[in-house]
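The structure appears below as structure tokens.
The values are calculated or read from the model by the stated rules, or taken from the named source; none is laboratory data. Just so it is clear, the structure is predicted and the values come from calculations on it, not from any experiment. Ideal geometry is used to build each Cβ from the backbone, glycine not excepted, and the neighbour counts take in all protein chains shown. Calculation scope for accessible area: heavy atoms of the full protein, side chains included, ligands and nucleic acids excluded. Shrake-Rupley method; radii C 1.70, N 1.55, O 1.52, S 1.80 Å.
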Amino acid sequence: MAGNIKVMGIINVTDDSYFSESRCNGTEAVLKRAEKMAAEGADIFDIGGCSTRPGAKTADEDTEWQRLAPAITAVRKNFPEIPLSIDTFRSGIVAKAHDSIGEFTVNDISAGEADRDMLATVGRLGLPYIAMHMRGTPETMQGLCCYNDITAEITEYFRKKTEDTECAGITDCTLDPGFGFAKTIDQNYELLHNIGKIKKALGRKILVGISRKSMIYRLFNITPEDALPATQALHMEAMIQGADILRVHDVAEAVQCRTIYCKLYGENNIF
């Protein structure tokens, strides 16, 4: 239903994420960003300690945890009413975070492909899970964009992946088509227009993460900093197609976009 669409605010505890304003250096900066997003209406915080932008070199697990540990502890303490998601592909990070703060959502860009223990760990701990489609790694994915039918192939990928998550004991699994991850600009737009087909085929919640991405700024030959207006246009299309979660850098604008969507479509959206 339209009223159930969630806005997930991005908090990056890294120094090399592609959108500079999302980077938070230190706990004070994390809390300041979280406070702003909470005031603007964020439904979920998504905190990441390892950049996954195209071409990014992967931080090791110790570095990722050193960045995440103080951030997630502070956010949980200061904003206990707002659910927390942790953007990681490592089961070791999931286990440490669970020991530290208890329940949260695991947002895994590799859908368990990067760590063979991830699905079992999430299932054992009883955590909600977000599985994203990606080929290769952030360093190699841009050379892996060959598809015959991108919508059909990603649908089939998720059909098999949801079977794997169920076998691992994961009962709450959201699907993320992975915009910008091993997809060309044209493929991203084709996929966005067809996410409703994926949702209908699989009956799962869909997360859309397109905020300020290259599918926008390269189209217009601008920078991520100039991509906010077009981002909201794509958020509207995502909701029309049935997106359940918008993962965003700019919470206030996404909440406004959602409000307009609800005014236009209310409960009548077929998804």
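A few points about this structure:
- Ranked by the mean number of other Cβ atoms within 10 Å of their residues, highest first, the peptides 63-73, 152-162 fall in the order 63-73, 152-162.
- Calculated FRET value between Ile222 and Gln66, using beta carbons and R₀ = 22 Å, to 0.05: 0.05
- Distance in nm between pseudo-label sites at Asp99 and Ala252 (7 Å out along the Cβ direction from Cα): 4.1 nm
- Equivalent ellipsoid semi-axes - Cα gyration tensor, region 189-271, angstrom: 22, 15, 10
- For Thr171 and Lys197, a Förster radius of 25 Å and the Cβ-Cβ distance give a FRET efficiency of 0.55, rounded to the nearest 0.05.
- Multiplying the residue separation of Glu237 and Thr27 by 0.36 nm and subtracting their alpha-carbon distance yields 72.1 nm.
- Theoretical FRET efficiency, 1/(1+(r/R0)^6), r = Cβ-Cβ of Ala39 and Asn148, R0 41 Å, to 0.05: 0.35
- Taking max minus min of the alpha-carbon positions on each principal axis, the chain gives extents of 40, 39, 37 Å, largest first.
- Mean residue ellipticity, 222 nm, helices only, the chain: the sum of -39500 (n - 2.57) across DSSP H runs of n ≥ 4, divided by residue count and rounded to 500, is -14000 deg cm²/dmol.
- Each peptide in 92-101, 213-222, 4-13 receives the mean, over its residues, of other Cβ atoms within 10 Å, and ordering these scores from highest gives 4-13, 92-101, 213-222.
- Carbon + sulfur, % of accessible area of the chain - ligands and nucleic acids excluded, 1.4 Å: 50 percent
- For region 71-127, GluC sites (Glu not before Pro) are listed when DSSP marks them as loop and at most 10 other Cβ atoms sit within 10 Å of their Cβ; the list is Glu81.
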